[in-house]
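Trainee: The structure's right below; bear with me while I get my questions together.
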Amino acid sequence: MIRILSDSSTLYSVNEGQANNVDIAPLVVTINDKAYMENEEINSKEFLELINEGHIPKSSQPPIGYVLDLYNKYPEDEIINISMADGLSGTYNSACMAKNMAINPERIDVINSKTLCGPQRYLVDLAVRLVEKGYNKESIINEINKTIETSKSFLIPHDFDFLVRGGRISSIVGKIGSVVKLVPIMALAEDSKSLVKFSTKRSFKKAVKKIMEYLVENNIDSDYKFYISHADNLELAIEGKGIVSEFIKDADIEIKELGPAFITQGGPSCISIQIIKKHEELK
């Protein structure tokens, strides 16, 4: 049997993952001197309340022992672990280390998804569907790797301080941006190892339009799945969905709520816009 594993960057909780035939390893957030497994011991609303009280959060990969236990839960089964982008977290490296410590490590493959959140979730859902369809392990890995290359991610932060603290932008740029009320657009770099500046606009609406102009120019159409995810900012996410639909009328758009680990980097009220090309088995 082939088992699919991943981490909570997929925006799946452990229970949600189990309901979809996926074993999830939760990322960890630390705030107010206490560590929590995201979505299990603290949810986004509770996490944001602590941030609003002035506490500074940090995030880290799932405990290696937790991942190892998941691997050893299925000692005789083939395992595919689809991890979040290796440059954005230590999650991929930990998954590989746990593999080397596991019973029968040769049965385990760890895939660097080169993405996170919505597109990573799509890859996991695709892997589950391919297992159900009877694909063998090698074929599943090949299909996942091909689909990985079709993903793009953008972040529109609301609070520059989180990008500065995470080393995504310089403190000078952060201060200037806060004063003149600029709306920065960050993009996942081509190597998927960092966020880089994509553009800067004077409003959220103009920022989303800039993203969509770029995507349409690069032949992105209704064959792609769109994910608009938010940090307790549903109203803005809905506005973003409307703008996307203006550019691609029959766009397949899903709105998701971001987890605490992502909020640690993107900050409260941030919005992410992500795409990935739909696979025939999930159309």
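Trainee: Just need a number here: residues in segment 196-236 that are β-branched (Val, Ile, Thr) and free of Cβ contacts under 8 Å to residues at least 24 places away in the same chain.
Mentor: Total meeting the criteria: 2.
Trainee: Also: Go over the candidates Glu254, Glu281, Glu246 one by one and state the one that is of a type in the set (D, E, K, R) and closer than 19 Å to Asn39 by Cβ.
Mentor: Result of the check over Glu254, Glu281, Glu246: Glu254.
Trainee: Also: Determine which member of the set Tyr92, Tyr122, Tyr74, Tyr66 is within 14 Å of the chain's Cα centre (by Cα), over 25 Å from Ile255 (Cα atoms) and at pLDDT 95 or above.
Mentor: Tyr92
Trainee: I'm trying to understand the selection: among the residues of segment 23-50, which are under 17 Å from Gln265 (Cβ atoms) and either among the acidic types (Asp, Glu) or at pLDDT below 95 (or both)?
Mentor: Glu38
Trainee: Kindly check whether there is at least one residue in segment 198-212 that is β-branched (Val, Ile, Thr), within 27 Å of Leu126 (Cβ to Cβ) and crowded, with 19+ Cβ neighbours inside 10 Å.
Mentor: yes
Trainee: All but one of (1) at pLDDT below 95; (2) farther than 25 Å from Leu88 by Cβ; (3) part of a loop (DSSP other than H, G, I, E, B) hold for Asp221; which doesn't?
Mentor: Condition not satisfied by Asp221: (1).
Trainee: Quick one: count up the residues across segment 143-185 that are modelled with pLDDT of 95 or more and loosely packed, with under 13 Cβ neighbours inside 10 Å.
Mentor: The total comes to 2.
The values are calculated or read from the model by the stated rules, or taken from the named source; none is laboratory data. If you're wondering where the values come from, they're calculated on a predicted model, not measured in any experiment. All Cβ positions, even for glycine, are placed from backbone atoms using ideal geometry, and neighbour counts span all protein chains on display.
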